[in-house]
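Q: Take a look at this one; I'll ask things after.
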Amino acid sequence: MHLPRPLRLLRNATLPDGTRADVVLDGEVVARVRPAGTAPAAAADEVLDLTGFVLLAAAADPHAHLDKSRTWERTSPVFGDLPSAIAQYAAYADAETRESIADRARTTALEMLAHGVTAVRSHVNFLPGPDPLRGVDALLQVREELRDLMEIELCTLGDDTVADELHEEAVRRGVDLIGGAPHLAADPLGELDRLLRLAERLGCSVDMHTDEALDGPLTIVELARRTAGWTDASASAGHCSRLGTLPPADLAPVVEAVRAADLGIITLPITNLYLQGWDAPVATPRGITAVRALLDAGVRLGAGADNVRDPFNPLGRCDPLETVALLVTAAHVTIDEALALVSHGARSVMRLEPAGPVAGARAEFLAVKGTSPADVAATADPNRRVIHRGRLVSSTDATVTTASWSRINERQVSA
């Protein structure tokens, strides 16, 4: 099968509401959705038969670290919390080369694509040594290589020792957003102010690692206040673990400030469940943000996988359905809500146009073998079809061979 393959008709798909439909595409847009078997015929090579598949909006991952991915076995870190992971990666980072970063990032991005992710926002670190932008250049290279298969946004990530000039040069080379982790700085609000002023000067949106801890002061309220009036750029905050520990009376005004500012929030369950709570061996806290309160308040909210097989998370399958399972289990959202958080919600945080089987939406789809959204979320079946810009860009068919079995008949005993 030669891919990518332009499509005009998705035939006999099971929609999330259980109905079966034909989805007619017009290039990168959904033209109409009709009852199964009623769409006009199309050329055979422009038809994708989705009998037995559930058709969902494609996933997006609004917070990844492609440059760090797959370094766990290279760094041989100890299992531990966020400060430990930061220190362990910093000790390894000097050995990073543009080539090694690009190779690992490309592998991870393609694995994400095969699982149904067609848009990714990746943070990228500034690195030690004479070429601190080699990680930036590596991800810019991968973005160009994969530009026909998926959308990749890049966001700078540096601590309070990284000069403005490095952020500026990264943006000049093609990075999209300004980011950082102000809550980890010696002067959190001062660092937040510096990064926001820099973004305003450059005309960039921002995506901050925000309040990734279970205690301590908040920076998110100031982030919301400062960006509330932005019209030509947007702001989002990842992690926000501290919100999950606030009592309701303290949480309510924070959530309202976030909602009023239209600040996007990104929850990252696998990494925060791993990194947070190491100092609480009994009744260990979940470590993720206040997902239910944010959802109920109508906050712009998405979910992502964050780190993949690096010191910040030794696991990760690059599969949005893994994130769905963790959201249902640890954040106590419904299956439908969890599926929406990795697709519609994630796209909303990234300010991408709506996608899915609705007339006028972008033709970005993930089709998974199964009978219903609940079935798909439970099994995470590997048989998938991924569509980006109205073209089939990935197709996975798994074969299972199991030994034959038979019923045990009651032994016949002769008289």
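The values are calculated or read from the model by the stated rules, or taken from the named source; none is laboratory data. Computed from a prediction, not measured in an experiment: that's the story for all the values here. Every residue, glycine among them, receives a Cβ derived from its backbone with ideal geometry; neighbour counts consider all protein chains shown. Heads up: the accessible areas ignore ligands, DNA and RNA and are worked out on the full protein's heavy atoms, side chains in. Shrake-Rupley method; radii C 1.70, N 1.55, O 1.52, S 1.80 Å.
Q: Suppose the filter is out of contact with any Pro (no Cβ under 8 Å at 6 or more places or on another chain) and free of Cβ contacts under 8 Å to residues at least 24 places away in the same chain; does residue 407 pass it?
A: In short, yes.
Q: Turning to a different aspect of this structure: Checking residue 110 against (1) open to solvent by less than 30 Å² (accessible area, probe 1.4 Å); (2) within 14 Å of the chain's Cα centre (by Cα); (3) under 27 Å from residue 380 (Cβ atoms): exactly one of these is not met. Which one?
A: Exception for residue 110: condition (1).
Q: Which one is most open to solvent (accessible area, probe 1.4 Å) among residues in the stretch 1-53 that are touching a Lys or Arg at 6+ places or on another chain (Cβ under 7 Å) and among the β-branched types (Val, Ile, Thr)?
A: Checked the stretch 1-53; the qualifying residue most open to solvent (accessible area, probe 1.4 Å) is 29.
Results for (1) in contact with a Cys (Cβ under 9 Å, 6 or more places away or on another chain); (2) part of a strand (DSSP E or B); (3) at pLDDT below 95, shown as yes or no for each residue.
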position	(1), (2), (3)
24	no, yes, no
33	no, yes, no
40	no, no, yes
48	no, yes, no
66	no, no, no
70	no, no, no
77	no, no, yes
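Q: Note down all Cβ pairs under 8 Å where the first residue falls in the stretch 104-115 and is in contact (Cβ under 8 Å) with a residue 40 or more places away in the chain, the second is among the hydroxyl-bearing types (Ser, Thr, Tyr), and they're at least six residues apart or on different chains.
A: What qualifies is 108/69; 113/394; 114/394; 114/396.
Q: Which one of these is closer than 22 Å to residue 345 by Cα, at pLDDT below 95 and surrounded by 13 or more Cβ atoms within 10 Å (Cβ to Cβ): 287, 264?
A: Of the residues listed, the single one that is closer than 22 Å to residue 345 by Cα, at pLDDT below 95 and surrounded by 13 or more Cβ atoms within 10 Å (Cβ to Cβ) is 287.
Q: Of these, 83, 62, which one is open to solvent by 60 Å² or more (accessible area, probe 1.4 Å) and either assigned to a strand (DSSP E or B) or within 22 Å of residue 240 (Cα to Cα) (or both)?
A: 83
Q: Shifting gears a bit: Would you check which residues across the stretch 89-100 are surrounded by 14 or more Cβ atoms within 10 Å (Cβ to Cβ) and either touching a strand residue (DSSP E or B) at 6+ places or on another chain (Cβ under 9 Å) or charged (D, E, K, R) (or both) and list them?
A: Answer for the stretch 89-100, where residues must be surrounded by 14 or more Cβ atoms within 10 Å (Cβ to Cβ) and either touching a strand residue (DSSP E or B) at 6+ places or on another chain (Cβ under 9 Å) or charged (D, E, K, R) (or both): 89, 93, 96, 98.
Q: Quick one: in the stretch 298-313, which of the residues that are in a strand (DSSP E or B) and among the aliphatic types (A, V, I, L, M) is farthest from the chain's Cα centre (by Cα)?
A: Among those that are in a strand (DSSP E or B) and among the aliphatic types (A, V, I, L, M), it is 301.
Q: Another question about this same structure. In the stretch 277-297, what count of residues is obtained for those that are in a helix (DSSP H, G or I) and among the aromatic types (Phe, Trp, Tyr)?
A: Qualifying residue count, the stretch 277-297: 0.
Q: Counting only residues that are in contact with a helix residue (DSSP H, G or I) (Cβ under 9 Å, 6 or more places away or on another chain), at negative phi and of a type in the set (Val, Ile, Thr), give me the strands (runs of 3 or more DSSP E) lying completely in the stretch 171-270 with at least 2 of them.
A: Hits in the stretch 171-270: 205-210, 264-267.
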